[in-house]
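Visitor: Pasting a structure here, questions to come.
Every number in this text was worked out from the coordinates using simple rules, so none of it is lab data. Keep in mind the model is a prediction, meaning the values are calculated, not measured. Note that each Cβ is placed from the backbone with ideal geometry, even for glycine, and that neighbours are counted across all protein chains shown.
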Amino acid sequence: MYTGSLDKMNSILENPVKYSFVVGDKCIDLNDFIGLKISIDWLGNVSCVCGKSLNKFYRQNFCYQCFWNSPLASQSIFKPELCTADLGIEERDLDWEKKFQIAPHYVYLANSSGLKVGITRKTQKITRWIDQGASQAILFAEVPNRRLSGIIEVELKKHLADKTNWRRMLSGEPEKIDLLEKKNEYSEKIPSELRRFVHSDDEVTNINYPVKVFPVKVKSLSLSKVKKIEGKLTGIKGQYLLFENDRVFNVRSHKGYNVKISL
Ligand SMILES: [Zn+2]
């Protein structure tokens, strides 16, 4: 039994992906529990990134103060093209923003529930792909800061989705896509001044997830509604735990929930 604040799952790219649950300061290998019964009890409170304990979050996984003041919840987190740290302009906390934004970023193409575009910090590449439940991914471009990755993404969004259809992603493996062909096709569609950032690495990464049974009609579970989730784990994909009877649990969206896990 483990008690503590839930964090998003850790993952390692193996075949299949190896997952671990992060609860408080404990890390629990999860793959071994597929096919077995597990339970997650919500203890009734949540912890914000600032350390404050609350009955519920204000918005997303933040308290009121953090949602309106923390650089972790600023506009450019959701719209990277609005980043300004590389221009020396503060949004909420310039020191933090410089560290976060002025670092190499990738723009990538992935196949999670179909073709999509996304961005990630260079160091988070594989983690990001796994978190989104991508089955295939390829680097599209590498840029020196987050703002530029957002600008390229905006260009590609004119032609491509940037969101994963999570219900479809959880319903099975998507049809294979020739990502290199798509990369070549979309490289032609971005403005010529951005083409110099297109990455020369054309390797396609294939990702397999530890799933025994995919849900048929996906039913999403929320701890704020049901308080306790119990049942046989049938697989893990993206940041979702798949349970018997078509139920799915998004671990990441429950970041900060104080829980008791029984395995
Ligand atoms: Zn807070």
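Visitor: Can you work out the FRET efficiency for the pair N245 and Y64, with r the C-beta to C-beta distance and R0 = 41 Å, to the nearest 0.05?
Guide: 0.70
Visitor: Take E230, project a point 7 Å from its Cα along the Cβ direction, then tell me which residues of segment 1-38 have their backbone nitrogen under 16 Å from it.
Guide: Inside the label zone: 1-2, 36-38.
Visitor: Further question on the same structure: Could you give the nm distance between label points at V49 and D25, where each point is 7 Å from its Cα heading toward the beta carbon?
Guide: With each label point 7 Å from Cα toward Cβ, the separation is 2.2 nm.
Visitor: Between N184 and S220, what's the calculated FRET efficiency when r is the beta-carbon distance and R0 is 45 Å? Round to 0.05.
Guide: For R0 = 45 Å, the calculated efficiency reads 0.75.
Visitor: Ok, one more. With respect to the cross-link table entries K116/K189; K8/K212; K125/K232; K26/K99, which display a Cα-Cα separation exceeding 23 Å?
Guide: Violating the 23 Å Cα-Cα cut-off are K125/K232; K26/K99.
Visitor: Equivalent-ellipsoid semi-axes (√(5λ), Cα gyration tensor) for segment 164-227, whole Å, largest first?
Guide: Taking √(5λ) for each Cα gyration eigenvalue gives 35, 16, 11 Å.
Visitor: What is the distance in Å between the Cα centres of segment 15-64 and segment 148-179?
Guide: 26
Visitor: Less than 20 Å apart at the alpha-carbon level, and either on another chain or at least 8 residues along: which aspartates and glutamates does that give for K225?
Guide: D7, D41, E244, D246
Visitor: Less than 14 Å Cβ to Cβ from Y186, Lys/Arg counted +1 and Asp/Glu -1: what total charge do the surrounding residues give?
Guide: Result for the neighbourhood of Y186: -1.
Visitor: Taking 7 Å along the Cα-to-C-beta vector as the label spot, tell me the D32-T3 distance in nanometres, rounded to one decimal.
Guide: According to this spin-label approximation, the distance is 2.3 nm.
Visitor: Another question, then. Could you pull out every whole DSSP H run in the chain that spans at least 15 Å of Cα extent along its own axis and averages -0.5 or higher on the Kyte-Doolittle scale?
Guide: Helices meeting the criterion: 146-157.
Visitor: Tell me what the chain gives for mean residue ellipticity at 222 nm when only DSSP H runs of n ≥ 4 count, each as -39,500 (n - 2.57), the sum divided by the residue total, rounded to 500 deg cm²/dmol.
Guide: The helix contribution divided over the chain gives -5000 deg cm²/dmol.
Visitor: Which value results for Rg/Rh of the chain when Rg is the Cα radius of gyration and Rh the Kirkwood radius based on the inverse mean 1/r?
Guide: 0.98
Visitor: For each of S149, S20, S47, count neighbouring Cβ atoms within 10 Å of the residue's Cβ, then give the residues from fewest to most.
Guide: Ranked by crowding around the Cβ, least crowded first: S20, S47, S149.
Visitor: If you take the beta carbon distance between K158 and N15 as r and set R0 to 45 Å, what does 1/(1 + (r/R0)^6) give as a FRET efficiency, to the nearest 0.05?
Guide: After rounding, the FRET efficiency stands at 0.80.
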